[in-house]
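Beneath this line is the structure, given in C-alpha cells, with notes to follow.
Here, each number is a calculation from the coordinates, and none is a lab measurement. The structure presented is a predicted model; accordingly, all values stated were derived computationally and were not measured. Glycine also receives a Cβ, built like all others from the backbone with ideal geometry; neighbour counts cover every protein chain displayed.
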Amino acid sequence: MMESIRDIVKSINKAFETNEMDKFVGHCADDVVWNMIGHVLLNGKQAILDFMKDAPAGCEPILHEDVIVVDGNNAACTGSMEMKNPDGSPYKGRFCDVYKFVNGKVQTMDSYIIEIKE
C-alpha cells in the first residue's frame with residue numbers, strides 16, 4: 001500500500017529533525033525542485049544533499065506541526081520551529097511548506113520561513 005501524502009509530509013519533517021536527508025530525498029522525484037523562498041533554489045536530489053551536508057551538526061530543527069492540509073496531489077504544512085544558528089544562538093521561526101506530488105513523490109516544495117524575534 002502506498003504511503004499517504006499526509007504520512008509522507010510527517011516523515012519529511014521527521015527527517016529534518018533527525019538530519020536524515022537520505023530519507024527526505026527518498027520521498028522526492030529525481031528532478032525535485034525545492035525553493036526556499038528568498039533564500040535558495042535547489043534542483044534535483046543531489047543538489048539538496050549537497051546543500052544540506054554543509055549544515056552544522058547540532059543545528060537540526062525541532063518542528064511543531066500546526067496543520068497539514070492535503071488537496072489531491074498537493075499538500076501544505078504549517079508550524080513553528082526552534083533550532084540553533086551556526087554560531088550557537090537560538091533561532092525561532094514559523095514555516096509553511098507547500099508540496100506538489102507526482103506519482104507519490106515530491107515534485108516541488110516551496111518553503112516559506114519567517115524568523116520570530118522576541
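Once the chain from Val70 to Asn19 is taken as fully extended at 0.36 nm per residue, the excess over their C-alpha distance is 15.9 nm. Legend: calculated FRET efficiency, Met36 to Asp7, from the Cβ-Cβ distance at R0 = 35 Å, rounded to 0.05, equals 0.90.
The largest-to-smallest principal axis extents of the Cα set in the range 5-115 are 40, 29, 25 Å. Estimated from helices alone, the mean residue ellipticity of the chain at 222 nm is -7000 deg cm²/dmol (sum of -39500 (n - 2.57) over DSSP H runs with n ≥ 4, per residue).
Multiplying the residue separation of Val102 and Ile116 by 0.36 nm and subtracting their alpha-carbon distance yields 1.7 nm.
At full extension, Asn43 and Ser89 could sit 13.6 nm farther apart than now, given 0.36 nm per residue minus the alpha carbon distance. When the chain is treated as a GNM with alpha-carbon contacts under 10 Å, the residue of Thr18, Thr78, Thr108 showing the greatest mean-square fluctuation is Thr18. Quick one: of Lys45/Lys100; Lys14/Lys45; Lys45/Lys92; Lys10/Lys45; Lys14/Lys53, which pairs are farther than 25 Å apart, Cα to Cα? With Cα atoms farther than 25 Å apart: Lys45/Lys92.
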